[in-house]
Amino acid sequence: MDYSVFLDPLSATAVSVTKKITGLELQPCERILLEPSDVASFSIRSSGGFRISLVLCAQLDVLREMARHMKRQTEVTLGDVEIYCGEYFNIICGVFLSHVNNALQTRTRFHIPCFTEGFYPARSVDTDHWYVLPFNCPYGFLEFKVRDLDKKAHDEKKQGVE
């Protein structure tokens, strides 16, 4: 499969929705090493026409600024970050899914997203099948990660692994 069908609309969606909803301008960048204590993640899986996992992993300063902008208050808690940035992630997912469903002429749905303090997936998990879109903004770094949940199974079948 040509993964640009996922990556191109996700990148465009991330940049445009982030600017519109949070006021932050994302710039593509090189991936950087983050400290687990300075990160939170949102993750979601799809079912239907295609099966992917989509993750937003960001420095807490970025998420706090997003929540401050969305809440229109200067003080935010980790609970506010989970609520407001969770809604931001839902909007990104919805716009992205609409683009991909239209491009692939399929009906795919996302499940309920999960919030994790730290990295998702854990750094010890196999990361060979993740496609990463890193961005920065004045408040730090964030990345979107996409994994085709069927790719590893397809690859293993090609190699004779069951």
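Here are some notes:
- Angle between the chain longest axis and helix 60-71 axis [Cα atoms, degrees, rounded to 10]: 70
- Backbone geometry of region 40-50 corresponds, through the Karplus equation with coefficients 6.51, -1.76 and 1.60 at θ = phi - 60°, to 3J(HN,Hα) couplings of 9, 9, 10, 9, 7, 10, 10, 8, x, x, 8 Hz, x marking Gly and Pro.
- Each of Met70, Ile112, Gly49 was scored by the projection of its Cα onto the charge dipole of the chain, and the greatest displacement toward the positive side belongs to Gly49; charges sit on the C-beta of Lys, Arg, Asp and Glu.
- Note that the chain presents 53 Å² accessible area per residue, ligands and nucleic acids not counted, probe 1.4 Å.
- Shape parameters for the chain, alpha-carbon atoms, Rg then Dmax in Å: 15.8, 56
- Cys114 accessible area, assembled protein chains, probe 1.4 Å, Å²: 70
- Using the rule -39500 (n - 2.57) for each DSSP H run of four or more residues, divided by the residues of the chain, the 222 nm mean residue ellipticity is -12000 deg cm²/dmol.
- Proximity of backbone amide H atoms, modeled 1.01 Å from N, is registered between Thr108 and Gly49 at under 5 Å, excluding neighbours fewer than 5 places apart on the same chain.
- Taking Cα atoms only, the orientation of helix 86-104 departs from the longest principal axis of the chain by about 30 degrees.
The values are calculated or read from the model by the stated rules, or taken from the named source; none is laboratory data. Given the structure is predicted, the values throughout are model-derived calculations rather than measurements. A quick note on method: Cβ atoms are made from the backbone with ideal geometry, for glycine too, and the neighbour counts reach across all protein chains shown. The protein model used for the area step is the full one, side chains on, heavy atoms only, and it has no ligands, DNA or RNA in it. Shrake-Rupley method; radii C 1.70, N 1.55, O 1.52, S 1.80 Å.
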